[in-house]
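Asks: Handing you a structure now.
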Amino acid sequence: MHFVFRPRSFLRHGLLAAFAVAAAGAHAQTKTLYIGMNGGTMEKAYTQYVFPAFEKLHGAKVVVVPGTSSDILAKAQANKDKPQMHVMFLDDGIMVRAMGMGLCEKQRPSQNLNDIYPAARFKGDLASGVSLGMTGIAYNTKMFAEKGWAPPTSWMDFADPKFKGKVVFQSMPSSSFGLHGFLMFNRIQGGNDKNVEPGFTNWAKTIGPNVLEYIPSSAKISEMVQTGEAAMFPLTPTAVAALKVKGIPVEYAQPKEGSVVLMVGQCVIANNSEPELAQKLAEFLLSPLAQANVLQFGAQIPTNPKAPAVGEGAAQVAQISQWMKNAVTLDWDSVNANRPAWNARWNKNVER
């Protein structure tokens, strides 16, 4: 059989091959990464001001799976063998749990990883901090002004009889803020992150009688401030800034005993379907550009000191640096090991 050269046929096949290559290229360009993170202000800042630059750079799509840290962790755990997400954001304590469960893969070395604060690098580089925060005290400025009260200065102000029925506290089992507030009270009573006996013993005769309501999350706070029910509650400067933008009369106060470091960490999920691209996203999210944008548009405090901060952002960063000087970092290994027992005790004795 003789091969007959047919230019048109060759051309057609050549074009088809070219189209196939182009299609494959187009397909490769539209890989989708799923990232688990908190909804609201954080999601908005990232989807509008950070992910588009990464998408353009890598011809990819980034889709947010919104939820609390506990929700995201539960999703990752349920799909451990075949992950549905590629990267996840979790509060630091919950991130330490995720690392212990083998859900995170080591973040590869990069300049951005080297540049972040040492405190923002998790053990073995299995996770890295994307934003810095702290739990301190927030208060209702309108109510304080009307009553002629001085701003709070200590965690023990929650026990002041003048605030009876005006303290709102997040539930310890479901909120980092509630856990932080309780553990700082416990320290003042002589306990530590391994021994919470003093905290549980003294709660009922100090802060307990002042608490109007234990809330599962901070979502109700804006409403309770506006209705004049809440005078004081544990919260972060970032959450306070978000409420102030909405016109809620609140202010943050740094307790003299220190606030509790609350870092949002990110980790690349182990065994995900796009390990290379997921690593690139994690690296990008530590870059000065990404962090400057979430500072400006989401009031998220950078973990990379090279992130440029301007105007109000610069003032916020300077203020946080000041507060970080006496901020407390919890012993998360001990806290996570004991938390189920503490939660049961809290539900039985505190929120009964």
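Asks: Hey, what did the chain get for relative contact order, percent, Cα under 8 Å, at least 6 apart?
Replies: For the chain, the relative contact order is 25 percent.
Asks: Rounded to whole Å and sorted largest first, list the principal axis extents of the Cα atoms in the chain.
Replies: 102, 43, 36
Asks: Next up: List the equivalent ellipsoid semi-axes of segment 293-346 in whole Å, largest first, each obtained as the square root of 5λ for an eigenvalue λ of the Cα gyration tensor.
Replies: 33, 13, 10
Asks: Taking all pairs of distinct Cα atoms, average 1/r, flip it, and tell me the Kirkwood hydrodynamic radius of segment 203-352 in Å to one decimal place. Walk me through the numbers before you get to the answer.
Replies: Details: mean 1/r = 0.0539 Å⁻¹.
Value: 18.6 Å, from the Cα pair sum.
Asks: Evaluate Rg over Rh across segment 238-327, taking Cα atoms for both radii and Kirkwood's formula for Rh. Provide the component values of the computation, followed by the final result.
Replies: Working: Rg = 15.6 Å, Rh = 15.0 Å.
That ratio is 1.04, to two decimals.
Asks: Translational D (Stokes-Einstein, µm²/s) of segment 55-186 at 4 °C and 1.567 mPa s when Rh comes from the Kirkwood sum over C-alpha pairs?
Replies: On the way: Rh = 18.2 Å.
For the chosen part, D equals 71 µm²/s.
Asks: Report the trypsin sites (Lys or Arg not before Pro) located in segment 89-155 that are in a DSSP loop and have at most 16 other Cβ atoms inside 10 Å of their Cβ, or state none.
Replies: Values: sites: 97, 106, 121, 123, 142, 147; in loops: 106.
Sparse-neighbourhood loop trypsin sites (Lys or Arg not before Pro): 106.
Asks: Here's something else I'd like to know. When the accessible area of the chain is computed with all protein chains present and a 1.4 Å probe, what percentage of it is carbon and sulfur?
Replies: On the way: 9490 of 16690 Å².
Percent of accessible area from carbon and sulfur atoms in the chain: 57.
Asks: On to the next question. Can you give me the long-range amide H partners of residue 235? Hydrogens built in the peptide plane at 1.01 Å from N, cutoff under 5 Å, separation of 5 or more residues or another chain.
Replies: 136, 137, 138
Asks: With Kirkwood's inverse mean 1/r over C-alpha pairs for Rh, give me the Rg to Rh ratio of segment 245-286, two decimals please.
Replies: Numbers: Rg = 18.0 Å, Rh = 14.3 Å.
Using only Cα positions, Rg/Rh for segment 245-286 is 1.26.
Asks: Moving to a separate point now. Across segment 197-202, in residue order, what do the Karplus-derived ³J(HN,Hα) couplings come to in whole Hz, using 6.51 cos²θ - 1.76 cosθ + 1.60 with θ = phi - 60° and x for Gly and Pro?
Replies: 4, x, x, 5, 5, 9
Asks: On to the next question. For every helix of n ≥ 4 consecutive DSSP H residues, a contribution of -39,500 (n - 2.57) applies; sum these over the chain, divide by its total residues, and give [θ] at 222 nm rounded to the nearest 500 deg cm²/dmol. Please report the intermediate quantities before stating the final value.
Replies: On the way: 15 runs with 155 residues, N = 352.
The per-residue figure over the chain is -13000 deg cm²/dmol.
Asks: Based on DSSP, what percent of beta bridges with both residues in the chain are antiparallel, to the nearest 5? Please list the in-between numbers first.
Replies: Working: 23 of 38 bridges.
Of those bridges, close to 60 percent are antiparallel.
Asks: I've got another one for you. Taking the mean number of other Cβ atoms within 10 Å as a proxy for protection, how do you rank 275-283, 234-242 from highest to lowest? List each step's numbers first, then the result.
Replies: Numbers: 275-283: 19.3, 234-242: 23.3.
Listed from highest to lowest mean packing, they are 234-242, 275-283.
Asks: Turning to a different aspect of this structure: With viscosity set to 0.692 mPa s at 37 °C, what whole-number translational diffusion coefficient in µm²/s follows for segment 109-155 from Stokes-Einstein and a Kirkwood radius over Cα pairs? Write out the running numbers ahead of the final one.
Replies: Working: Rh = 14.1 Å.
Estimated diffusion coefficient is 232 µm²/s.
Asks: With a 10 Å radius around each residue's Cβ, average the other Cβ atoms per peptide and rank 310-318, 67-75, highest first. Walk me through the numbers on the way to the answer.
Replies: On the way: 310-318: 13.6, 67-75: 18.1.
Order by mean packing, descending: 67-75, 310-318.
Asks: Okay, next question. Starting from the amide H of residue 65, placed 1.01 Å from N in the peptide plane, find each other amide H under 5 Å away whose residue is 5 or more places distant or on another chain.
Replies: HN-HN under 5 Å from residue 65: 35, 36, 37.
Asks: Per-residue HN-Hα couplings for segment 260-265, Karplus 6.51 cos²θ - 1.76 cosθ + 1.60 at θ = phi - 60°, whole Hz, x for Gly and Pro?
Replies: With coefficients 6.51, -1.76 and 1.60, one gets 10, 4, 10, 9, 8, x Hz.
Asks: Give a residue-ordered list of calculated ³J(HN,Hα) values for segment 115-122 (Karplus: 6.51 cos²θ - 1.76 cosθ + 1.60, θ = phi - 60°; whole Hz; x for Gly, Pro).
Replies: 3J(HN,Hα) across segment 115-122, in whole Hz: 7, 5, 4, x, 5, 8, 9, 6.
Asks: Now for a different question. Membrane-span-like helices in the chain: DSSP H runs reaching 30 Å or more (Cα, own axis), mean Kyte hydropathy at least -1.0? Let's see the in-between values first.
Replies: On the way: long enough: 7-29 (32 Å, 0.59).
Span-like helices here: 7-29.
The values are calculated or read from the model by the stated rules, or taken from the named source; none is laboratory data. The shown structure was predicted, so the numbers you read here are calculated from the model rather than taken from an experiment. Virtual Cβ from ideal backbone geometry, glycine too; neighbours counted across all protein chains shown. Note: areas computed on protein heavy atoms with side chains; ligands, DNA, RNA excluded. Shrake-Rupley method; radii C 1.70, N 1.55, O 1.52, S 1.80 Å.
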